[in-house]
Amino acid sequence: MLRGITFANPHFFYLLLLIPLLAAWYFYRQKMNNADIRVSTTSGFEGIRKGLRLYLYHGLYILRMLVLILLIIALARPQSSKSRQDVSVEGIDIVLAMDISGSMLAMDFKPNRIEASKEVAMEFIDGRPNDRIGLVIFSGEAFTQCPLTTDHAILKNLFKDIRSGMIEDGTAIGDGLATALNRLRGSKAISKVIILLTDGVNNMGSIDPLSAAEIAKLYGVRIYTIGIGTTGVAPYPVQTPFGIQIQSMEVKIDEDLLRQISKLTDGKYYRATNNNKLRQVYKEIDKLEKSKIDVTEFHRKKEEFPPLVWLALVFLGLEVILRYSYFRNTP
């Protein structure tokens, strides 16, 4: 099968085995047709060469073989196949709500929590080409970094601009959830999801996180919460009069609150203590939230043998015309 071409009757290709046999028979016949003459000397024939006309005469047989080859290929019925796919996608709308408070600079993740979270989140985005994904960032307040979009290239570029200190410091988990919910309020997707990532305790904001979770439940939004940070203490860069120094700081994550938020919305809570575990968390969420894709395929085949037949007729006509005109007197 050639690229894009199939043959309905490929068994006819066995007839091509006749071509070398016919060629051998032709040259054998030409040799046997030469007459033998006995002469006393061949000196009178020295210097006589066969004319170009005689060599070209064999081209008539080549034309006839080409006609035969083209007809055999035509009998095999080459067909081109045209296909079309109708894809129906019932995607998932996902908002990533990401904590960018000062504590996200802790270096228990490599190079730190915020950069590790960005890297793994962008890998997650690459694996969800059919979904609309948005980005909300929060610390002491919250705002939408990117609304829901299928243009993941733009979303990833906006991810790269995220840094700690963009907004007032603190941890307003409730405001982060409320802002993410606002992006999903008018969504008609088959599934609506918020992935909330934080490394702290709710200490700022005007909205209670559990109240935001209750609203999410009413809207049918599922919330997956991720507590990011090692157990115990973590190295943290601190600005001192002598420059930046690394100090150990206690890791405080309100895991009970994050569990309640997920439980209320039929989601799940995860704890990530290093880069690999964070990557595994996103992989599990990716498996839990799969979009539905219906693919309907249409195939149409077109017969491609007619041009071969016409070309064979042209070669046959050319052979007949040359045989009874230019080569008429050729033995």
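The values are calculated or read from the model by the stated rules, or taken from the named source; none is laboratory data. Owing to the predicted nature of the structure, the values given are computational and were not obtained by experimental measurement. Cβ: placed from backbone, ideal geometry, glycine included. Neighbour counts: every protein chain shown.
Residues that are among the aromatic types (Phe, Trp, Tyr), modelled with pLDDT under 95 and part of a helix (DSSP H, G or I) are absent from region 136-157.
Checking the structure you have, find out if any residue of region 37-52 is at pLDDT below 70 and surrounded by 10 or more Cβ atoms within 10 Å (Cβ to Cβ). Checked against the condition, which is being at pLDDT below 70 and surrounded by 10 or more Cβ atoms within 10 Å (Cβ to Cβ), region 37-52 yields at least one hit. Here Arg271 meets each of (1) outside any helix (DSSP H, G or I); (2) among the basic types (Lys, Arg); (3) within 30 Å of the chain's Cα centre (by Cα) with one exception, condition (3). Number of residues in region 145-183 that are under 21 Å from Ile207 (Cβ atoms), of a type in the set (A, V, I, L, M) and under 33 Å from the mean Cα position of the chain (by Cα): the value is 4. Among the conditions (1) outside any helix (DSSP H, G or I); (2) closer than 19 Å to Phe138 by Cβ; (3) within 38 Å of the chain's Cα centre (by Cα), the only one that Gly205 does not satisfy is (3). Pairing residues of region 139-159 that are without any contact (Cβ under 8 Å) to a residue 24 or more places away in the chain and surrounded by 15 or more Cβ atoms within 10 Å (Cβ to Cβ) with residues that are small (Gly, Ala, Ser) and part of a strand (DSSP E or B), at Cβ distances under 6 Å and at least 6 apart in sequence or on separate chains, gives Cys146/Gly134. Restricting Arg77, Arg113 to those that are in the same structural domain as Met249 (by TED's automatic domain parsing) and not aromatic (Phe, Trp, Tyr) reduces the list to Arg113. Residues in region 165-182 include at least one that is buried (at least 23 other Cβ atoms within 10 Å of the Cβ) and either assigned to a loop (DSSP other than H, G, I, E, B) or outside the structural domain of Asn112 (by TED's automatic domain parsing) (or both). Across region 1-22, what is the total count of residues that are modelled with pLDDT under 80 and closer than 18 Å to Val67 by Cβ? Qualifying residue count for the region: 0.
Within region 279-331, restricting attention to residues that are small (Gly, Ala, Ser) and either under 19 Å from Pro129 (Cβ atoms) or modelled with pLDDT of 80 or more (or both), the residue that is surrounded by the most Cβ atoms within 10 Å (Cβ to Cβ) is Ala312. Scanning region 118-145 for residues that are small (Gly, Ala, Ser), closer than 26 Å to Thr231 by Cα and in contact with a helix residue (DSSP H, G or I) (Cβ under 7 Å, 6 or more places away or on another chain) turns up just one, Ala121. Screening region 93-111 for residues that are in a loop (DSSP other than H, G, I, E, B) and in contact (Cβ under 8 Å) with a residue 60 or more places away in the chain and picking the one that is nearest to Leu184 (Cα to Cα) gives Ile100. Taken together, Ala180, Ala172 contain a single residue that is among the aliphatic types (A, V, I, L, M) and closer than 19 Å to Gly91 by Cα, which is Ala180. Here Ile190 fulfils each of the conditions (1) touching an Asp or Glu at 6+ places or on another chain (Cβ under 6 Å); (2) within 29 Å of Met107 (Cα to Cα) apart from (2). From the list Asp169, Asp93, Asp161, the lone residue that is of a type in the set (D, E, K, R) and in contact with a Lys or Arg (Cβ under 7 Å, 6 or more places away or on another chain) is Asp93. Pairs are defined by a Cβ separation below 7 Å, a sequence spacing of at least 6 or placement on different chains, a first member in region 211-239 that is outside the structural domain of Ser191 (by TED's automatic domain parsing), and a second member that is not aliphatic (A, V, I, L, M); no pair meets this definition. Being assigned to a loop (DSSP other than H, G, I, E, B) and at pLDDT 85 or above is a condition met by at least one residue of region 57-76.
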